[in-house]
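S.K.: Let me begin by handing over the structure; questions about it come next.
The values are calculated or read from the model by the stated rules, or taken from the named source; none is laboratory data. Every value quoted in this text rests on a predicted model; they were computed, and no experiment measured them. Note: ideal-geometry Cβ built from the backbone for every residue, glycine included; neighbour counts use all protein chains shown. Heads up: the accessible areas ignore ligands, DNA and RNA and are worked out on the full protein's heavy atoms, side chains in. Shrake-Rupley method; radii C 1.70, N 1.55, O 1.52, S 1.80 Å.
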Amino acid sequence: MSIQTMPIPVQNALSRHYIEQNHGVIHTMYEFHPENDWNKRVEWLDQSTPIRAERDQLVQVLKEYQSKVNPHERVFASLERLKDPKALVVVGGQQGGIFMGPLLMIYKAISIIRMAQEAEASLGRPVIPVFWIAGEDHDYDEVNHTYLLTQEPSVKRIRLSQQPEGRTPVSYLKLTDETWEEALQEVEQILPDTEFKPQMMESLRHIVSKSDSLTEQCARMIGELFGEYGLVLLDSADPSLRRIEQSMFDALICKQEKLKSAVEKSEAVIQEAGYELQAIHHPDSANLFYIHEGERLLLLWNGVNYSDREEQVNFTTDELRLELKQHPERFSNNVLTRPLMQEYLFPVLATVLGTGEIAYWAQTKESFRAMDMRMPILWPRMSFTCVEGTLQKLLTKYEVTAEDICFCYDEKREAWLASQDHIHLDERFKTLYDRVDAEYRELLSVLTGALPSLGKLGDTNHAKVLEQIEFLHHRAKDALSKQHETGLRHWERLKVSIWPHERPQERVLNPIQYACRYGQQWFKPMMEAPVVWNGEHRLVSL
């Protein structure tokens, strides 16, 4: 396997400037420099131990969860190492999707593990990789589908037929055997028959048979791939975890006014610098959710009471704190308080994030300070595009690069097709069109001068003659395309494989298609690739 860099521009300006290590951006909107402040971050973590959850309790809860979904001996070894007062954590996460969702799920796990390994080697302290699965999220439509390549070629969506009622946390939605089997049958029909397919399908069926929810099947799949690297998994909807988080939720409630002012201050700094806010929220948001009758409701705070938009629930501060004490499992974070909860649970050296996440984390800087915390180092996750051997041969055959396919596909494809036109159709038909047009105009000028009554008929006939030339031109080009149908299919395969849906491959395609072709350990060489810290996108030749 070979790896080379391919430039893919970061669209979000704030994230781009952070990744470029713009000192003004890092100083005003973030806390620590991603390369220069490792020791500074460690020093702060060592001084701030009292603000965090009790370590042994957390380890016990995590052990119970690993026993269920990720029971690898190296994972339990990681948890034993986490008990060390000098242990640090590199954390990152994602909402768990069907069959893990897009490739970026794999790449985020690789990034967390590899960056933790590098940090441990550099700092000489235990650094534990932790994957935070956002099972408390209720955006089911974001994770209930995935995409695979077909033989046509095209991109096929697989979608779970089961739908929740209301805004149910994904970890709480129990999926039926029939729902899973429908999806598995689609996978089986789409993927090619290979030596690895039978075992892969058997493994998928075994995993979903033991999994009640999307989150659980995703956790089991991640554990199966990365347990051997000691990757610790966490479901943010785990009720046992809520008991440990209870005091942090209480602090978020008690400091609501201070927290609201902090968010506004961070957002003002971002906007004054000319950037757009990435995480848009209700101005009265308490940045907390409350689960009422199975539905996840965003709490609003009017300065006195907490309620949801429809006022299905209504609490004073004291009532909400009592509810938290009695039912901590009914509370969950939003996108702006989850970073604070991670900081409370773990000694976070660094968080591995995508570009959109880097942008919205800037909205939390003052929130960390309001809670007597500091935002951790942010490391852009590693990013890849897989180019299989057949695709590499096609790139060579048509004398294009993966970058060409991403950013100037239509231009390159049309240029290739034009080069196959050895009789120069466009040139010949343009010459014919211009000559007929000119001679017809000259004829009509003479004709209407002598016989004015034929003027309208002559104009109509002129247009029809030119229309017929155009018609034959289009038919000739269609015939040329059909003559080169195989080549055009090759171009289409390059496009849907490398830049599907006009987006990076890692944001669309599912990893199981590579497991089907190359075996479950297809990603192993990426685990040995050099770690990059600045978000470089790399091409991987499989």
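S.K.: Along each principal axis of its Cα atoms, how long is the chain end to end? Whole angstroms, biggest number first, please.
M.R.: 101, 56, 50
S.K.: Evaluate segment 259-408: find the radius of gyration of its Cα atoms, find its Kirkwood radius, and give the ratio Rg to Rh. Write down the numbers at each step before the final one.
M.R.: Details: Rg = 21.4 Å, Rh = 18.5 Å.
A ratio of 1.15.
S.K.: Given segment 390-540, report the % of alpha carbon pairs whose separation exceeds 21 Å.
M.R.: Result for the distance tail: 65 percent.
S.K.: Still on this structure: In square angstrom, rounded to the nearest 10, how much accessible surface does ASP46 have for a 1.4 Å probe?
M.R.: 80 Å²
S.K.: At q = 0.17, 0.20, 0.21, 0.22 Å⁻¹, what is the log10 ratio I(q)/I(0) for segment 344-393, with the Debye formula run over Cα points and no solvent?
M.R.: Results for segment 344-393 at q = 0.17, 0.20, 0.21, 0.22 Å⁻¹ read -0.61, -0.75, -0.80, -0.85.
S.K.: Probe radius 1.4 Å, ligands and nucleic acids ignored: give me the carbon and sulfur share of the accessible area of the chain as a rounded percent.
M.R.: Carbon and sulfur together cover 48 percent of it.
S.K.: Further question: Dipole of the chain (Lys/Arg Cβ +1, Asp/Glu Cβ -1, origin at the Cα centre): which of GLN60, TRP132, ILE112 lies farthest to the positive side?
M.R.: The residue sitting most towards the positive pole is ILE112.
S.K.: Given points 7 Å out from each Cα along the Cα-Cβ axis, report the ALA529 to HIS282 separation in nanometres with one decimal.
M.R.: For ALA529 paired with HIS282, the spin-label model returns 4.2 nm.
S.K.: Can you pull the percent of Cα pairs in segment 208-329 with separation above 23 Å?
M.R.: That tail contains 49 percent of the Cα-Cα pairs.
S.K.: Can you sort ARG81, ARG441 by 1.4 Å-probe accessible area, starting with the largest?
M.R.: Greatest to least solvent exposure: ARG441, ARG81.
S.K.: Another question, then. Using a simple spin-label model with points 7 Å from Cα along the Cα→Cβ vector, what separation in nm is obtained for SER481 and GLU427?
M.R.: Here the modelled spin labels are 2.3 nm apart.
S.K.: Here's something else I'd like to know. Just from the alpha-carbon atoms, what are the Rg and Dmax of segment 353-474 in angstroms?
M.R.: 30.6, 95
S.K.: Using alpha-carbon positions, what is the distance between the centroids of segment 316-390 and segment 466-482, in Å?
M.R.: 58 Å
S.K.: While we're looking at this one, here's another question. Quick one: plug the Kirkwood hydrodynamic radius of segment 1-132 (C-alpha pairs) into Stokes-Einstein at 4 °C, 1.567 mPa s, and report D in µm²/s.
M.R.: 75 µm²/s
S.K.: Also, I was wondering about something else. Per DSSP H run of n ≥ 4, the term is -39500 (n - 2.57); total these for the chain, divide by its residue number, and report the mean residue ellipticity at 222 nm rounded to 500 deg cm²/dmol. Present the calculation step by step, with values, prior to reporting the outcome.
M.R.: Working: 24 runs with 283 residues, N = 542.
Mean residue ellipticity, 222 nm, calculated: -16000 deg cm²/dmol.
S.K.: Tell me the per residue accessible area of segment 73-124 using a 1.4 Å probe; a whole number in Å² is fine.
M.R.: The answer is 31 Å² per residue.
S.K.: So if I place +1 on the C-beta of Lys and Arg and -1 on the C-beta of Asp and Glu, and nothing else carries charge, what would the dipole magnitude of segment 116-272 be about its Cα centre? I want it in debye, nearest 20. Write down the numbers at each step before the final one.
M.R.: Numbers: 16 positive and 30 negative charges, 104 e Å.
Charge dipole, segment 116-272, about its Cα centre: 500 debye, nearest 20.
S.K.: Heavy atoms only, 1.4 Å probe, whole protein assembly: order ILE19, ILE358, ILE280 by accessible area, highest first.
M.R.: Sorted descending by solvent-accessible area, the residues read ILE280, ILE19, ILE358.
S.K.: Along the Cα-to-Cβ line of LYS86, 7 Å from the Cα, sits a label point; which residues in segment 56-72 have backbone N less than 19 Å from it?
M.R.: 56
S.K.: Rounded to the nearest 0.05, what FRET efficiency do GLN60 and GLN392 give with R0 = 45 Å and r taken as the Cβ-Cβ distance? Could you check?
M.R.: That gives a FRET efficiency of 0.40.
S.K.: Can you list, bin by bin at 5 Å, the percent of alpha carbon pairs in segment 330-423, starting at 0?
M.R.: Computed distribution, short to long bins: 2, 10, 15, 14, 8, 6, 7, 8, 9, 8, 6, 3, 2, 1, 0.
S.K.: Debye sum, Cα scatterers, segment 439-513, no solvent: what log₁₀ I/I(0) at q = 0.12, 0.22 1/Å?
M.R.: -0.61, -0.95
S.K.: Ordered by packing density, taken as the mean number of other Cβ atoms within 10 Å over each peptide's residues, highest first, how do 242-248, 463-469 rank?
M.R.: In decreasing order of mean packing, 242-248, 463-469 become 242-248, 463-469.
S.K.: Mean 1/r over all different Cα pairs, inverted: what Kirkwood radius does segment 191-231 give, in Å?
M.R.: Result for segment 191-231, one decimal place: 11.1 Å.
S.K.: Hey, could you get me the Stokes-Einstein D for segment 21-88, Kirkwood radius over alpha-carbon pairs, 10 °C and 1.306 mPa s, rounded to whole µm² s⁻¹? Kindly include the intermediate steps, with their values, before the conclusion.
M.R.: On the way: Rh = 14.4 Å.
Result for D is 110 µm²/s.
S.K.: Continuing with this model, one more query. Stretched out fully, how many nm does the piece from ASN39 to LEU447 gain, at 0.36 nm a residue minus the Cα gap? Walk me through the intermediate numbers first.
M.R.: Details: separation 408, 0.36 × 408 = 146.88 nm, distance 9.10 nm.
In short, 137.8 nm is gained.
S.K.: According to a simple spin-label model (label point 7 Å from Cα along Cα-to-Cβ), what is the distance in nm between GLU181 and GLN151?
M.R.: Distance between label points: 2.6 nm.
S.K.: Please work out, to two decimal places, the log10 of the ratio I(q)/I(0) at q = 0.17, 0.19 Å⁻¹ from a Debye calculation in which every Cα of segment 124-255 carries one identical scatterer.
M.R.: Summing over Cα pairs of segment 124-255 leads to -1.05, -1.22.
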